Amino acid sequence: MRYPRLFRDVFEKQDDEQIDFLCIAGFLYYRSMIFMDGLLDGKIKQGDDHAALIPIAISICQEESIKLLTHIFGLRSNFWNYWNLRRKEYLQAFQMEKMLSKDSRHFSIDFYENIAEKKAAMGKVAIDALHVLDREKNVETYQALLAGHEMFSIGLQLSDDFQRAILLDILCDLQEKTPQGNLLLPMINAEVAYLYASKLSRGVGGWSYFPTVKEIAPDADDLGQVLQCFARANRKDIIEEHCISLLETLFTDNYLENCGAFETWIIPRGNRSELEELQNYFNTTKWGKGPDPEVVANLLFGTVTAGLNQYAELVSNGIKYLLEEQAPQGFWKSRWYYGSYYGTYICLRLFQATKTASSAAGKALDWLLNTQNEDGGWGNTPGISTPLCTAFALLCFSTHPETMHAPIVAKGTEYLIRSGLEYGGIYPAEPFIIPKEGQPYKSKTITTAYVLKALISTMKITN
């Protein structure tokens, strides 16, 4: 409702009534788009209660929005040229999605990001409107705001479920380990509701790295992450209703007896739909099927966190698989994440939760001791520290706080604090997820969140 006010201070002082009308117009049009998306995505079905009223609601919201915008700008303002441009971009997004659904060979990260940006095109109207009310004077600032909006839109939709689950996990850390943490409960509950609502409605359900790309199947990594979140938020009802059946499919149809692990993608072995056959084809020819150590460790940690003791034997088998996958130097490689620090942390976290594999954990910590840089940090390139790698290294130590590594950990936290001062509290985006070779997913939010998690988690070690 107050979205335009986020950008108001960047422009010259505007009339309060105009800004209020702009906020209301934006909200009404936003609601019409939510209704429209529900119809186009099939989330609102003909038999649903009030379904017949949705087209009427869309028409009313858009009509009232246009009335308010016409009151602000009149009929001849340059604003309407911006409006037509944004509407054209928005419609292009649906054309591109239709193209993707017909032929997935078009899929690439650049193509997907282009869709994400265009689907959020109408959100740029608030910036366009303020720019016009400012008589289009400060073009450089206007372009910078549009660039920021573009990155936000892509980040919001790309790997959205997994990101949000990671951030929710860190909110739970803050809630549990900091004074006045209960103030975060409303935000935690809202994020739980979001993850609950974002479960896929097609096939076996579940959650996906790219929820809007139908050719990508639900995966064990997302399932493990949301399991942890639902468990920490005490939502056993959601776990029973939405996660157990997925786990059964994973451990029955995607289990690999020869190694004690499971595939990354969750697809039934038999009675597949046409879409599931297509997903399996892409898994085999494009993505690869697994098992992947970091995914196995993350999913099994989710079952342990949720207290699902019926899978204890499968957890034990999975740990044996992970021990076989440990590199001679002591780390674990990741298939879907850059470097070795994330995968090593995810494995050590599971070992700590199950009180197993102490010798493997000791070997991993020795590797960390040997790879710390002079400035106190760690990095994927020898001698060059980065905040994200350092956060994962410190999280490794946090899984075994009883070890005598306080000086090492203190040096690492000092590096993070110095870096935070240098970057103004928001850490830089670093390559994190590997959706496709040469096209890294990275996020300032994820880097900053993991740094915060590392600092909280190592407080007991550094006092």
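The values are calculated or read from the model by the stated rules, or taken from the named source; none is laboratory data. Model, not experiment: these values are computed from the prediction. Cβ coordinates were reconstructed from backbone atoms using ideal geometry, including for glycine residues, and neighbour counts include every protein chain displayed. Accessible surface is based on the protein model in full, side chains and every heavy atom, while ligands, DNA and RNA are left aside. Shrake-Rupley method; radii C 1.70, N 1.55, O 1.52, S 1.80 Å.
Within the full protein context, the accessible area of residue 166 is estimated at about 0 Å² for a probe radius of 1.4 Å. Taking 7 Å steps out from each Cα toward its Cβ at residue 92 and residue 67 produces label points 3.3 nm apart.
For segment 308-463, the carbon plus sulfur part of the accessible surface works out to 55%, probe radius 1.4 Å.
Only DSSP H runs of four or more residues enter the estimate; each adds -39500 (n - 2.57), and after division by the residues of the chain the mean residue ellipticity at 222 nm equals -19500 deg cm²/dmol. Count Lys and Arg as plus one, Asp and Glu as minus one, and take only other residues whose Cβ is under 15 Å from that of residue 383; the net charge is then -2. With everything on Cα atoms, drop me the angle between helix 79-102 and the longest principal axis of the chain, reported from 0 to 90° to the nearest 10. Once rounded, one gets 50 degrees. Relative contact order, whole percent, for the chain stands at 9, derived from Cα pairs under 8 Å and 6 or more residues apart.
Remark: the chain carries 48 Å² of accessible area per residue (probe radius 1.4 Å; ligands, DNA and RNA excluded). Computed about the Cα centre, the dipole magnitude for segment 351-442 is approximately 240 debye when only Lys and Arg (+1) and Asp and Glu (-1) carry charge, each at its Cβ.
One quarter of the convex hull surface built on the alpha carbon atoms of the chain amounts to 24.4 nm², the projected area averaged over directions. Computed with a 1.4 Å probe on the full set of protein chains, the accessible area for residue 237 sits at about 80 Å². Between 183, 166, 129, the Cα set farthest toward the positive side of the dipole of the chain (charges on each charged residue's Cβ, about the Cα centre) is that of 129. Here the extension length gained between residue 147 and residue 258 equals 35.0 nm, from 0.36 nm per residue of separation less the Cα-Cα distance. With a Förster radius of 25 Å applied to the C-beta separation of residue 404 and residue 355, the computed FRET efficiency comes to 0.85. At 0.36 nm per residue, and after removing the present C-alpha to C-alpha distance, how many nm does the segment from residue 196 to residue 3 gain when stretched out fully? Contour length minus the Cα-Cα distance gives 67.0 nm. Here the accessible area of segment 209-277 is 44 percent carbon and sulfur, with a 1.4 angstrom probe and all protein chains present. Computed from Cα positions, the angle between helix 358-371 and the longest principal axis of the chain comes to roughly 70 degrees.
Between residue 14 and residue 324, the modelled label-to-label distance comes to 6.2 nm, taking each label 7 Å out from Cα in the direction of the beta carbon. The mean sequence separation of alpha-carbon pairs under 8 Å and at least six residues apart, normalised by the residue count of segment 266-333, gives a relative contact order of 28 percent.
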